[in-house]
Amino acid sequence: MEPKTVQLTRSSHTDLYVPDHEELAKVLRDGLSNNFADVTVEWTVSPNLQEPPFCLASEGLCGKPVIADVGGVPNLVPTPKLDKVYALGDVVGACGLEEALVLGAGAGSHVDIGVNSELMANVKVKADGSTCHNETRISLVDQDGGEHAQRDASGRFSLMGNFLVSQGHAGQALHIRVAKRTTDCNFVTCIRAILASHYGERRPVGVGGVFLLAKGTAHIHVMPDFSPCPLNGDADVNRWLRFYDVNAPMVFVGVLFSHDPGLDLRIEHFHGYNVAGDRGGHYHHDVTPDEVVYEAYFSLAEKVFRLDPANGEDGQ
């Protein structure tokens, strides 16, 4: 029998710290300069993000931005909980919105796709589940061991998801452009570590949005179909995952937190796909430090909603 969509009745939320914009820009500018040779950080009106190369499902990231953390890795390991199937429209409703842009990383709906997969959510959807504009992709492992990405119109996902949820309006966004990586720290972790160091545990900051790998090559993974054996620990998981290198340009969507405010959050999670739309997966890092160029547009989340936590608790 096909699993029913999980109702997001188990939930909690908390306010996040929203820093002064200019202070935040300086903090990130100074910190990223220790990791990249060329750094620009500014608050600006974002371009129309529906246009290439970003091709989002809405023109901007503004309007009641929050982060939704749904399910979690314990729904996947050691054995998958195949009944954990969620609707993106329900996420919008659980965040208190009637219609929203949902951007982020998760697992594709195995019920609709037929196998396990990586989800790159990029959709403007209503709380009743009706879709306004969909650019969502999933990436899966082929029978021959290769991977490919494809469009996904199911409106559902499985196991886990980490999303920026906003009204998708045009407006001010945090714009970051960096080039030539000078340390081993990846782009996402650099940003998170800088925020964690400056704002500390008592001022958790949540960031979500989109970044472009404009030049270089990304190292990604794609989950194959579910393992027939339990995955007991990181070594088992890493043997099960499939790793690939994908050339720019690539578009990544997701979220990060400076600290977990006690809700058992996934602290950073970004998935992406190449502009051709035929390859994609979970971002780890780039493998081309001398040539890499990243460009990002981010929003600061006002709240985080912890929905159907996989630890079986309410997150508080």
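The values are calculated or read from the model by the stated rules, or taken from the named source; none is laboratory data. Bear in mind the structure is a predicted one, so any value in this text is a computation, not a measurement. Quick reminder, even Gly has a Cβ in these numbers, built from the backbone with ideal geometry, and neighbours come from all protein chains shown. Each accessible area value is taken on the protein alone, full model and side chains, heavy atoms only, with ligands, DNA and RNA left out. Shrake-Rupley method; radii C 1.70, N 1.55, O 1.52, S 1.80 Å.
Residues that are modelled with pLDDT of 95 or more, outside any strand (DSSP E or B), among the acidic types (Asp, Glu) and surrounded by fewer than 20 Cβ atoms within 10 Å (Cβ to Cβ): does region 254-262 have at least one? The answer is yes, given that some residue of region 254-262 is modelled with pLDDT of 95 or more, outside any strand (DSSP E or B), among the acidic types (Asp, Glu) and surrounded by fewer than 20 Cβ atoms within 10 Å (Cβ to Cβ). Of the residues that make up region 239-247, is at least one aliphatic (A, V, I, L, M), out of contact with any Phe, Trp or Tyr (no Cβ under 9 Å at 6 or more places or on another chain), open to solvent by less than 20 Å² (accessible area, probe 1.4 Å) and free of Cβ contacts under 8 Å to residues at least 40 places away in the same chain? Yes: region 239-247 contains one or more residues that are aliphatic (A, V, I, L, M), out of contact with any Phe, Trp or Tyr (no Cβ under 9 Å at 6 or more places or on another chain), open to solvent by less than 20 Å² (accessible area, probe 1.4 Å) and free of Cβ contacts under 8 Å to residues at least 40 places away in the same chain. Filtering region 130-143 to residues that are open to solvent by less than 10 Å² (accessible area, probe 1.4 Å) and without any contact (Cβ under 8 Å) to a residue 12 or more places away in the chain leaves nothing. In region 144-162, the residue that is least open to solvent (accessible area, probe 1.4 Å) out of those that are touching a Gly at 6+ places or on another chain (Cβ under 7 Å) and assigned to a loop (DSSP other than H, G, I, E, B) is Asp152.
Yes/no matrix, rows are residues, columns are (1) under 17 Å from the mean Cα position of the chain (by Cα); (2) aromatic (Phe, Trp, Tyr); (3) within 20 Å of Pro78 (Cα to Cα):
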| site | (1), (2), (3) |
| --- | --- |
| His219 | yes, no, no |
| Pro224 | no, no, yes |
| Pro228 | no, no, yes |
| Asp260 | yes, no, no |
| Ala276 | no, no, no |
| Asp286 | yes, no, no |
| Asp290 | no, no, no |
| Glu302 | yes, no, no |
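The listed residues are Glu99, Glu147, and the only one of them that is more than 20 Å from Pro80 (Cα to Cα), acidic (Asp, Glu) and modelled with pLDDT under 95 turns out to be Glu147. Of the numbered criteria (1) open to solvent by 10 Å² or more (accessible area, probe 1.4 Å); (2) out of contact with any Leu (no Cβ under 6 Å at 6 or more places or on another chain); (3) under 25 Å from Gly72 (Cα atoms), the one Gly281 fails is (1).
The listed residues are Ala301, Ala296, and the only one of them that is open to solvent by less than 20 Å² (accessible area, probe 1.4 Å) and either over 21 Å from Gly71 (Cα atoms) or out of contact with any strand residue (DSSP E or B) (no Cβ under 7 Å at 6 or more places or on another chain) (or both) turns out to be Ala296. Would you call Arg239 within 14 Å of the chain's Cα centre (by Cα), not acidic (Asp, Glu) and not in a strand (DSSP E or B)? Answer is no for this residue. The C-beta contact set for region 189-211 (first residue outside any strand (DSSP E or B), second residue among the small types (Gly, Ala, Ser), distance under 7 angstrom, 6+ apart or interchain) comprises Arg192/Ser258; Ile194/Gly31; Leu195/Ser258; Ala196/Ser258; Tyr199/Ser258; Pro204/Ser258; Val205/Ser258. Among the residues of region 241-292, those that are out of contact with any His (no Cβ under 9 Å at 6 or more places or on another chain), farther than 21 Å from Cys190 by Cβ and of a type outside the set (Ser, Thr, Tyr) comprise Asn247, Pro261, Gly262, Asp264, Asn274, Val275, Ala276, Gly277.
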